[in-house]
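Below is one structure; the comments refer to it alone.
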Amino acid sequence: PFSLSLDVINQGAQCRPTGINNAKGFNAIIKTYPSPAHTTLNVDINTVDRINGSIQIVDMLGNKIYDEKIDLIGLMSKQINVSSFAKGMYTIQITDANKGFKTKFVVE
């Protein structure tokens, strides 16, 4: 399974991928968008395996600034408010006991 995120800047303009990521160990499709984010980061998960773990956002200094427990099978769409985050690059991690997914995104 792979995740692909696109950031469409203007209609008719070229699309640029913000990340293609293998959901290591998960039988899932995970999308995170947009990047750069201004107020909201969207996280879409479609899984046939149970994910009983967490969604975490870590800044580039390794500080955990967001942590939410999840327990799901199937579809989940989550909007995370990033408007109070400082501008910069962050890592979002979705993990459970044995598996994980990690990708980077930017807040502007």
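The values are calculated or read from the model by the stated rules, or taken from the named source; none is laboratory data. Keep in mind the model is a prediction, meaning the values are calculated, not measured. Backbone-built Cβ (ideal geometry, glycine too); neighbour counts: all protein chains shown. Protein only, heavy atoms only, side chains kept; ligands, DNA and RNA dropped before computing areas. Shrake-Rupley method; radii C 1.70, N 1.55, O 1.52, S 1.80 Å.
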Of the residues in the stretch 38-53 that are in contact with an Asp or Glu (Cβ under 8 Å, 6 or more places away or on another chain) and crowded, with 16+ Cβ neighbours inside 10 Å, the one that is modelled with the lowest pLDDT is ILE51
Condition set out of contact with any Lys or Arg (no Cβ under 6 Å at 6 or more places or on another chain) and over 18 Å from HIS38 (Cα atoms), scope the stretch 78-99, selection least open to solvent (accessible area, probe 1.4 Å): answer is ILE94
